[in-house]
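To start, the structure itself, in structure tokens.
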Amino acid sequence: MEVKRIDNYIDGKWVPSDSSQLLDVVNPATGALLAQVPLSAQDEVGKAIKAARDAFLGWRETPPLARARSFFKLRDLMEERSEELARVIVQEEGKTLDDARGEVRRAIENVEVATGIPSLMMGSNLEDVAKDIDCDAVRQPIGVFCAIPPFNFPFMVSLWFMPFAVACGNTYIVKPSEQVPLSQNSLFELIDEAGFPRGVMNLVNGAKEVVDALLESKDVNGVSFVGSATVAKHVYRKAAEHGKRVQCLGGAKNFLVAMPDAVLDRTAAAIISSAFGAAGERCLAAAVVLAVGDIYEPLRAKLVELASNLKVGYGLDETVQMGPVVSRRHLDRVLGYIEKGVQEGARLILDGRQIRVDGYPNGCFVGPTIFDHVKPDMVIANEEIFGPVLGLIRVRDLDEALAIMDANPYGNATAIFTSSGKWAREFKYRVRCGMVGINIGVPAPMAFFTFTGWKDSFFGDLHGHGRDAIEFFTEKKIVTSRWF
């Protein structure tokens, strides 16, 4: 069979890349070759930037209500094809169907929120700021923006940014992760069908050369990035050097606190879902449990019991609860961290390294893995593993738990499990972290709130989606007027 080659989408049409450099897109569960993606060159990026720049004025002059109606069409198409989209995610990224359906649902919610742009983009005014003088504040779009999303949510993450930017009147370019380009390809098929004007939204496949071209172009006004902290720092620095607005969502090491009064069964179930859902490849995944006092032993036993019973396999099987990691290379990275934990002296109480999935000998599978006797200064307690590996640390009290978290460079997500309103309030008041759960293992904000990582989990001033998105994608203009 001829292998599908992914095209770029530039100026309202599908365009084959001129590049002879191709990467294989491989199903991480089966090892099957799904497609090939081109590594586009800088001149192809330039064509997308020009198309977006040329389309800006006409789109900026389109009334916000008309822009919103285009997103209503896109939202309806996404609903109609939601199951098809979820299956594409499973095949290229490795999620289970439930996880993939959840990703599509969150993506749709961002589009739905963006349809409210006539209200969200409203300015303000005040008469008689001085004698016979009025003042008006309006929001205006800025120009061309771009997104550089990660592999772990190949469909959703670009939609954290693009609907808000485009609804505000800007034009857009997406550079998908070269590991998982099929989901964005499917999305742009729907964008094409929805009938957006030419050049308003563009897709350019590629790797570092494409990213650098976007960051360096004087015609790109802003950048949204999601990925590792190391790359986030690089993108933030380079984009800022070229005078762009920039928001970079970086890495995470998420600590969950279990107080002695936590409801054991529900706490354990929430931690398991957080740590091992999406094979741990979520920036909100639980990485370390800080168990306070006497809950340590019963919680440890319950976590091992539940994790041991998770069914690992190919995500298109509805009974599977955890799929593979995204690639062979990433599998080796996760296995390396497990070995590091053993070398550091942590006790491996559930070892996922030897798992075998019947019928899929070429899959990138690692089973749920749990370490006991983890110390706060260990590598596995501090660095982001981004896989199904959970560490347990026993602490004396909430003060010690917070001190351990404060010492970590990341501040993306956290949660406390307790029946005490006093402990819950103190935790959310004192913890230095952007997204906080109270008896919720994955405290992901809805699209109308903002995705707020702190510390080395975020570089920039304005975060993703919610009201921050409107601030990021518009410039405020103040008009002071007097008429004689």
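Bear in mind these aren't lab numbers, they're just calculated from the coordinates by the rules spelled out. From a predicted model like this one, the values you see are computed outputs, not experimental measurements. Positions of Cβ are generated from backbone atoms using ideal geometry, with glycine treated the same way; all protein chains shown enter the neighbour counts.
Annotation: peptides 12-24, 172-184, ranked by per-residue average of other Cβ atoms within 10 Å with the highest first, follow the order 172-184, 12-24.
Against the longest principal axis of the chain, how steep is helix 296-308, in degrees 0 to 90 to the nearest 10, with axes from Cα atoms? Between the helix axis and the principal axis of the chain, the angle is about 70 degrees. Tell me, how many Å apart are the Cα centres for region 178-257 and for region 115-134? Computed from Cα coordinates, the inter-centre distance equals 33 Å. Pairs from the table (Lys95/Lys428; Lys13/Lys95; Lys208/Lys311; Lys375/Lys422; Lys218/Lys476) lying more than 25 angstrom apart at Cα are Lys95/Lys428; Lys13/Lys95; Lys208/Lys311; Lys375/Lys422.
Helix 182-194 and the longest principal axis of the Cα set of the chain meet at an angle near 30°. Considering helices alone, the calculated mean residue ellipticity of the chain at 222 nm is -11500 deg cm²/dmol, with DSSP H runs of length four and up weighted by -39500 (n - 2.57) and normalised per residue. Region 1-53 and region 392-466 have Cα centres separated by 38 Å. Relative to the longest principal axis of the Cα atoms of the chain, the long axis of helix 398-407 lies at roughly 60 degrees. When the trypsin sites (Lys or Arg not before Pro) in region 378-473 are filtered for DSSP coil states and for at most 11 other beta-carbon atoms within 10 Å of their beta-carbon, the remaining sites are Arg396. A dipole drawn for region 1-77 from +1 and -1 charges on Cβ atoms has a positive end, and of Asn27, Pro16, Ala55 the residue lying farthest that way is Ala55. Restricting the trypsin sites (Lys or Arg not before Pro) of region 216-308 to loop positions (DSSP other than H, G, I, E, B) with no more than 15 neighbouring Cβ atoms within 10 Å leaves Lys218.
In order along region 224-233, the phi-based Karplus estimate (6.51 cos²θ - 1.76 cosθ + 1.60, θ = phi - 60°) of 3J(HN,Hα) comes to 10, 10, 9, x, 5, 4, 4, 6, 4, 4 Hz; Gly and Pro are listed as x.
Put simply, the Cα atoms of region 174-246 extend 37, 26, 17 Å along their principal axes, the longest span coming first.
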